[in-house]
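What follows is a set of notes on a single structure, which appears directly below.
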Amino acid sequence: MSNNKSKQTNVYHRYKDFEILYRNLTNTYQGLIISALPDKNYFKNDSEVIDHRKKHLTDWLKSLISNDKIRNDDFFNLFVE
């Protein structure tokens, strides 16, 4: 995923990486409402659940990109490189 609307890139992260990104952004932008990170289902790990999680995490990243402050944040940009 990229912050450039005309280009899409795949990024590969573990769920824990998304948790770190979320914590970093909520600590950095305390007055900004940042949507909650989609839940991780700890009890199921089949391909359907994983595909569902990927879609929700992609949507979550897209919602972050729509915010100018986050889109220009160095930590966020390292995450989506």
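Read the figures in this text as sums done on the coordinates, not as results from a lab. For clarity, every value in this text was computed on a predicted model and none was experimentally measured. Note: ideal-geometry Cβ built from the backbone for every residue, glycine included; neighbour counts use all protein chains shown.
Assorted remarks:
- In whole angstrom, segment 15-80 maps to an equivalent ellipsoid with semi-axes of 23, 12, 10, each derived as √(5λ) from the alpha carbon gyration tensor and ordered largest first.
- Dipole magnitude of segment 15-80 about its Cα centre (Cβ charges: Lys, Arg +1; Asp, Glu -1), debye to nearest 20: 40
- Count Lys and Arg as plus one, Asp and Glu as minus one, and take only other residues whose Cβ is under 12 Å from that of N24; the net charge is then -3.
- Shown here for segment 25-74: chymotrypsin sites (Phe, Trp or Tyr not before Pro) in loop regions (DSSP other than H, G, I, E, B) with at most 11 other Cβ atoms within 10 Å, namely Y42, F43.
- Using a Förster distance of 30 Å, the FRET efficiency for Q30-H52 (Cβ separation, nearest 0.05): 0.50
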